[in-house]
1. Of the residues in region 33-45, how many are within 25 Å of MET93 (Cα to Cα), in contact with a Gly (Cβ under 9 Å, 6 or more places away or on another chain) and not β-branched (Val, Ile, Thr)?
2. Checking the conditions here, which among THR92, THR64 is among the hydroxyl-bearing types (Ser, Thr, Tyr), closer than 30 Å to ARG149 by Cβ and modelled with pLDDT of 95 or more?
3. Within region 41-62, restricting attention to residues that are within 10 Å of the ligand (Cβ to nearest atom) and on the phi > 0 side of the Ramachandran plot, which residue is surrounded by the most Cβ atoms within 10 Å (Cβ to Cβ)?
4. Those residues that are within 16 Å of the ligand (Cβ to nearest atom) and not aliphatic (A, V, I, L, M), I need them from region 1-23; list them, please.
5. If you take the residues of region 134-173 that are in a loop (DSSP other than H, G, I, E, B) and under 24 Å from LYS18 (Cβ atoms), which of them is modelled with the lowest pLDDT?
6. Within the group GLU177, GLU119, which residue is modelled with pLDDT of 95 or more, within 16 Å of the ligand (Cβ to nearest atom) and either assigned to a helix (DSSP H, G or I) or of a type in the set (Gly, Ala, Ser) (or both)?
7. If I filter region 24-40 for residues that are assigned to a strand (DSSP E or B), away from the ligand (no atom under 16 Å from the Cβ) and of a type in the set (Asp, Glu), do I get at least one hit?
8. Is it true that ASP105 is crowded, with 19+ Cβ neighbours inside 10 Å, on the phi < 0 side of the Ramachandran plot, touching a residue at least 40 places away in the same chain (Cβ under 8 Å) and away from the ligand (no atom under 14 Å from the Cβ)?
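The values are calculated or read from the model by the stated rules, or taken from the named source; none is laboratory data. Fair warning: this is a prediction, and the values are worked out from it, not measured in the lab. Positions of Cβ are generated from backbone atoms using ideal geometry, with glycine treated the same way; all protein chains shown enter the neighbour counts.
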Amino acid sequence: MSAIRSVCVYCGSSPGAKASYLEQATKLGTRLGQKRFDLVYGGGTKGLMGAVSSAAAAYGSKVTGIIPKFLMSKEAVEADLHAVEDLIIVETMHQRKHLLFEKSDAFIALPGGIGTLEEVVEIMTWAQLGRHTKPIIFCGIDGFWEPMRFLFEHMKAEAFIHSQTLLKPTFANTVEEAISILTARPATSDGNPAVIERL
Ligand code: AMP
């Protein structure tokens, strides 16, 4: 049996409109480091991505960043990459997403934009298809993911959520709640945390 060791954080490459987004991204990185989780993320140094990774590294996480070559100049400032212990440069977005998935035992989505949404939704579709049972946590800051929670409920009410093995995403209202979900998550005999539930 193994517990969660490495956590993939999906989040905006922008800082967002409210100061609380950067503050709480820094807090999440700090708490991951303090709890000795490794961080796996998209390798950017800007916005919430930069805040999570630099705080996690400062507090003891091993940080793995996975970034496509063509995004290096756009999302990663060379001088700020010191927080990334293991920088993996790939060719395509698909390779990035696949490695983020493979190297992680759990996923947390912080506030973000289209990129964040795309990444976390794809991870959910893989769970729905029974490809993995790793936990997926929407970490809301100031209610950021409430529209997503509402959308799931709507899909469920309208009978469009059909899979018996759909992984039920977890909604955490705070960083501390997200951390306690990670630390409390039981492990199954195959080493994957048991999270498949019916909606
Ligand atoms: P955003 O939430 O739009 O700021 O994007 C967050 C991260 O997702 C950034 O590192 C983007 O490069 C990345 N991203 C955007 N689109 C995709 C995609 N199709 N596949 C993988 N990552 C993406």
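1. The number of residues fulfilling the criteria is 5.
2. THR64
3. Step by step, filter region 41-62, then rank; the result is GLY43.
4. Once the filter is applied, which keeps residues that are within 16 Å of the ligand (Cβ to nearest atom) and not aliphatic (A, V, I, L, M), region 1-23 yields CYS8, TYR10, CYS11, GLY12, SER13, SER14, PRO15, GLY16, LYS18, TYR21.
5. By that ranking, first place goes to PRO169.
6. After ruling out the rest, the residue left standing is GLU119.
7. For region 24-40, residues assigned to a strand (DSSP E or B), away from the ligand (no atom under 16 Å from the Cβ) and of a type in the set (Asp, Glu): present.
8. For ASP105, the condition - crowded, with 19+ Cβ neighbours inside 10 Å, on the phi < 0 side of the Ramachandran plot, touching a residue at least 40 places away in the same chain (Cβ under 8 Å) and away from the ligand (no atom under 14 Å from the Cβ) - is met.
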